[in-house]
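Participant: This is the structure I want to talk about, given as structure tokens.
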Amino acid sequence: MKKDKTTYINEQRENLKQYIDAQNSGDDTRSSINAVSRSLGVSGALLSQFMNDKYPGDNETVAKKIESFLQRQVEREDYSEILIDTLPTNNFKRVYNVARICHVEGEMGVVTGDAGLGKTRALHQYNEDNPDGVILIEVIPGTTAKTLMTKIHKEIGFAGSGTQTAMFEDAREKLQGTDRLLIIDEAEHLPTSALELTRRLHDMTGIGILLSGMPKLLQNLRGLKSDFRQLYSRIGIKAELSNLKEEDVKLLVQAAIPSSNGLYKHFFKRTQNGRSLSKLMKRTLQLAQKNDIPNNRIGAEVVEKAQQYVII
């Protein structure tokens, strides 16, 4: 039986209120209303009016937008990204261990590896485990020495403004003699001037510094003609990550798909990259769920079909 328009609109209004309440756990809902309105493509004021039954426009159209949005959220929860990067794979343990050595011994270290091998997640985990001792900076292409210094300046409690020299002096005075660890992720994007700045900060404060990035980072540190020996010679420890081993894939697959037995072998044949493995497992679980296949009955044919939807 088809619902009348008023009942349908009221149901979607109530569904959205429940969703926002769940997101906020009783706190101020303004940020959630604004976030939802952006996803719906409407203004926050319009959505507030709708929720309070005061919107003078086409309420049914808004209700349909809300229904579609909420359905996407349900599917997103059902098929959320499989977060496997915090499990103790060989790569995770190596990155975490290098971070610990740099932190405890005040070393300057480097971690390199291709995308999808777990560098960033391991660094974030170390940061979460040591919230008072780590300064985590993520850089992007085009980051200059001053931009980097501004980020560091702000992260350690300053305004993040001023000349590069003045901000460096602020950082040097505040960090000198502390046991902090500065982690810079995506460091392959840094120009030589910014890398030299990190070396000077290390030399003058004694804090540990860990640079993480793609394999290109090591070449950047060496210099095209090995003419940056002063910088490269500061590296006290490094780790060059490799593809996942079979034991790693077994650990990750069995954690994400319990009772899957030897299924991990089919995944290992197709990828040894953590990111693509996560996506392949996600698509495999989607197909299995849609076809009512329990975990212990998922076979190679399901993985093979799922692979059609993943770039490996």
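Rule-based calculations on the coordinates, nothing more; no lab input. Note that the structure is a prediction, hence the values are computed from the model and not measured. Note that we place each Cβ from the backbone using ideal geometry, even for glycine, and neighbour counts take in every protein chain shown.
Participant: Considering only C-alpha atoms, what is the centroid distance from the stretch 6-23 to the stretch 271-291, in Å?
Facilitator: Here the two parts' Cα centres lie 32 Å apart.
Participant: Given contacts defined as C-alpha pairs under 8 Å and at least six residues apart, what's the relative contact order of the chain, whole-number percent? All intermediate terms of the calculation are to be shown ahead of the outcome.
Facilitator: Numbers: 431 pairs, mean separation 58.5, N = 312.
19 percent.
Participant: Translational diffusion coefficient of the chain at 20 °C, 1.002 mPa s, Stokes-Einstein with Kirkwood Rh over Cα pairs, in µm²/s as a whole number.
Facilitator: Working: Rh = 23.0 Å.
Stokes-Einstein gives a translational diffusion coefficient of 93 µm²/s.
Participant: Subtract the Cα-Cα distance of SER48 and LYS269 from 0.36 nm times their separation in residues, and report this length gain in nm to one decimal.
Facilitator: Details: separation 221, 0.36 × 221 = 79.56 nm, distance 5.14 nm.
The SER48-LYS269 span can extend by a further 74.4 nm.
Participant: Right, another one. Skipping prolines and chain starts, which residues have an amide H placed within reach, meaning under 5 Å, of the one on LEU210, given they are 5 or more residues away or on another chain?
Facilitator: GLY109, LEU182, ILE183, ILE184
Participant: Taking 0.36 nm per residue of sequence separation and subtracting the Cα-Cα distance, how much length would be gained by fully extending the chain between ALA255 and GLN23, in nm to one decimal? Walk me through the numbers before you get to the answer.
Facilitator: Numbers: separation 232, 0.36 × 232 = 83.52 nm, distance 2.71 nm.
This chain segment gains 80.8 nm when fully extended.
Participant: Continuing with the same structure: Given the pairs LYS119/LYS305; LYS17/LYS64; LYS119/LYS146, which are separated by over 19 angstrom at their Cα positions? It would help to have the intermediate numbers written out before the result.
Facilitator: Numbers: LYS119/LYS305 29 Å; LYS17/LYS64 15 Å; LYS119/LYS146 25 Å.
From LYS119/LYS305; LYS17/LYS64; LYS119/LYS146, over 19 Å: LYS119/LYS305; LYS119/LYS146.
Participant: May I pose another question? What percentages, rounded to whole numbers, describe P(r) for the stretch 137-241 computed over all alpha carbon pairs with 10 Å bin width beginning at zero?
Facilitator: 15, 51, 30, 4
Participant: Say a paramagnetic label sat at a point 7 Å from the Cα of GLU60, along Cα to Cβ; which residues of the stretch 7-21 have their backbone N under 14 Å from it?
Facilitator: Only 7-10 fall inside the zone, counting backbone N under 14 Å.
Participant: May I ask for the longest run of the chain untouched by trypsin sites (Lys or Arg not before Pro) that are loop-located per DSSP and have at most 13 neighbouring C-beta atoms (other than their own) within 10 Å? Walk me through the numbers before you get to the answer.
Facilitator: Numbers: sites that count: LYS2, LYS3, LYS54, LYS225.
Value returned for the longest uninterrupted segment is 55-224.
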